[in-house]
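Nothing in this text is a laboratory measurement; each read-out follows from the coordinates by a stated rule. Every value quoted in this text rests on a predicted model; they were computed, and no experiment measured them. When we count neighbours, we look across all protein chains shown, and the Cβ atoms used for this are built from the backbone with ideal geometry, even at glycine.
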Amino acid sequence: MREIHGNIWDYQKTAIVAITTNGEVAKNGKAVMGRGVAAQAARLFPWFPGRLGACIAEDGNHVHHLGSNLVSFPVEQSPYAVPDLVLIEQSARELATLADTAGWKMIVVPRPGCGGGGLSWHDVRPLLERYFDDRFLVITAE
């Protein structure tokens, strides 16, 4: 795992970009996109909340490959919940497995739960290191 600084969206054309998400689906079937990278993804890709909502409804709050080099990375059960370290570790494991299966060469992940979620990078980093190799870039906004 490598740590970098920059704009996550600069990588969307050349790498897989993980979007930190929650598991709540609204009555309209769309995933609730909350804040941070999730809210940015909803603005940039208007189809994203609907596609993620369908995946969550069918398979639960897991990592989902949604197309256009985007994957979900669940960090909490709802936008009103505190990010969950157990869920973050589960998401890291699922993303690493998916990357292996799909043969992805570069995956960019924001610091999960550490922005608006309020978790300490000191607590989250060791969870990711267990699963992420040098293909994984953990990005911090400039």
Please compute the modelled spin-label separation between R125 and T97, points set 7 Å along Cα→Cβ, answer in nm with one decimal.
2.8 nm
Ranked by GNM mean-square fluctuation in the chain (Cα springs under 10 Å), the top entry among V32, V86, V109 is V86
Using 1/(1 + (r/R0)^6) with R0 = 25 angstrom and r between the beta carbons of D133 and D10, what's the FRET efficiency to the nearest 0.05?
0.70
Dipole magnitude of the chain about its Cα centre, charges +1 at Lys/Arg Cβ and -1 at Asp/Glu Cβ only, in debye to the nearest 20?
400 debye
Could you pull out every one of the lysines with an alpha carbon less than 20 Å from that of K13, ignoring same-chain neighbours closer than 8 positions?
K105
Once you place label points 7 Å from the Cα toward the Cβ at V82 and N28, how far apart are they in nm?
3.2 nm
